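Each remark here refers to the structure printed beneath this line.
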């Protein structure tokens, strides 16, 4: 049987398993179209807030030795009402809208803005490591996570994903709370809180001092988290964090992910990375006589 790259994350069906991670390539529908034509199975947007956010002043991004990036852009975005109008013409692209806020009512209002848009899912950013009062501060509060997930699920029939990261509380507790509250899938993980200091100026390099570390340095951490989540919970998982090759993608499938997201690798190698990873996955499947990705999801957990 011929190998297929099609996969499903709960009710979200994808022709290809490699998705664009949130926060990488802006908010342009034209860019989304180009990415999809280049092999992205779905597009996760920048995190969108209820109202426009300007973000932090420069410098906001720094290249880390070893292939990673440290960023504190500050979740700059045009706000949900404006962004909804920007993607309303979409007809063909699986777009997953990333949402960020500090109270349940923020998320409820944002979801309603997209009622006239073709949206494949919503990804709740519960784990941004460098913006106060949102992200990790939300994800570290189980009661708030519960209220946000429940109000979003009540406001839409579209699948809802929780993006978790490593905060001050154990991330598995956040996952468990989200699942108990009705979440449809989990994205693991977000960037890891980190910093860099310039030895000449003797000051932090980023204007915000702290940022989120992404790329190759966090891959093994993200892989471990996917393995732990899939070992403890029966929930569809999207692997994210340091994935740049087809071998990385296969590792995440084996650990329990049904799809993966690519972020920093797009910045390093541009949009060809989607086709490269897809082709590598397909060749691996054909070599191993695997017809569907679901056949290898979680295999590493079997003794």
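Looking across segment 176-225 at every residue that is modelled with pLDDT under 95 and on the phi > 0 side of the Ramachandran plot, the one that is surrounded by the fewest Cβ atoms within 10 Å (Cβ to Cβ) is identified as 209.
When segment 62-74 is filtered for residues that are in contact (Cβ under 8 Å) with a residue 40 or more places away in the chain and out of contact with any helix residue (DSSP H, G or I) (no Cβ under 7 Å at 6 or more places or on another chain), the ones remaining, listed by number, are 62, 70, 71, 72, 73, 74. Based on what the data block shows, is residue 35 over 14 Å from the mean Cα position of the chain (by Cα) and either buried (at least 20 other Cβ atoms within 10 Å of the Cβ) or in contact (Cβ under 8 Å) with a residue 60 or more places away in the chain (or both)? Yes: the conditions hold for residue 35. Listed here are the strands (runs of 3 or more DSSP E) enclosed by segment 33-146 that have at least 2 residues being farther than 30 Å from residue 173 by Cα: 61-64. Among the residues of segment 253-272, those that are within 17 Å of the chain's Cα centre (by Cα), part of a helix (DSSP H, G or I) and at pLDDT below 95 comprise 264, 265, 266, 267. Yes or no: segment 281-292 includes at least one residue that is at negative phi, in contact with a strand residue (DSSP E or B) (Cβ under 8 Å, 6 or more places away or on another chain) and surrounded by fewer than 17 Cβ atoms within 10 Å (Cβ to Cβ). Taking every residue of segment 281-292 in turn, at least one turns out to be at negative phi, in contact with a strand residue (DSSP E or B) (Cβ under 8 Å, 6 or more places away or on another chain) and surrounded by fewer than 17 Cβ atoms within 10 Å (Cβ to Cβ). Going by what's in this entry, would residue 264 be described as in contact with a helix residue (DSSP H, G or I) (Cβ under 6 Å, 6 or more places away or on another chain) and crowded, with 24+ Cβ neighbours inside 10 Å? So residue 264 fails the test.
Here residue 159 does not qualify as surrounded by fewer than 17 Cβ atoms within 10 Å (Cβ to Cβ) and in contact (Cβ under 8 Å) with a residue 12 or more places away in the chain. All of 257, 188 fail the test of being touching a residue at least 40 places away in the same chain (Cβ under 8 Å), in contact with a strand residue (DSSP E or B) (Cβ under 6 Å, 6 or more places away or on another chain) and closer than 15 Å to residue 300 by Cα, apart from 257.
Kindly evaluate residue 250 against the criterion of being buried (at least 16 other Cβ atoms within 10 Å of the Cβ) and assigned to a helix (DSSP H, G or I). Yes, satisfied.
Within segment 218-245, being farther than 15 Å from residue 258 by Cβ and assigned to a loop (DSSP other than H, G, I, E, B) holds for 241, 242, 244, 245.
Annotation: residue 173 fulfils all but one of (1) out of contact with any strand residue (DSSP E or B) (no Cβ under 6 Å at 6 or more places or on another chain); (2) closer than 21 Å to residue 221 by Cα; (3) buried (at least 21 other Cβ atoms within 10 Å of the Cβ); (4) without any contact (Cβ under 8 Å) to a residue 40 or more places away in the chain; the unmet one is (3). Residue count for segment 65-77 under the criterion of being surrounded by 17 or more Cβ atoms within 10 Å (Cβ to Cβ) and closer than 18 Å to residue 198 by Cα: the result is 5.
Which one is modelled with the lowest pLDDT among residues in segment 1-32 that are part of a loop (DSSP other than H, G, I, E, B) and in contact with a helix residue (DSSP H, G or I) (Cβ under 7 Å, 6 or more places away or on another chain)? Checked segment 1-32; the qualifying residue modelled with the lowest pLDDT is 25.
Are any of the residues in segment 113-120 over 28 Å from residue 195 (Cβ atoms), over 20 Å from the mean Cα position of the chain (by Cα) and surrounded by 18 or more Cβ atoms within 10 Å (Cβ to Cβ)? Yes: one or more hits.
The values are calculated or read from the model by the stated rules, or taken from the named source; none is laboratory data. Please read all numbers here as calculations on a predicted model, not as lab measurements. Heads up, the Cβs are rebuilt from the backbone with ideal geometry, glycines too, and the neighbour counts pull from every protein chain shown.
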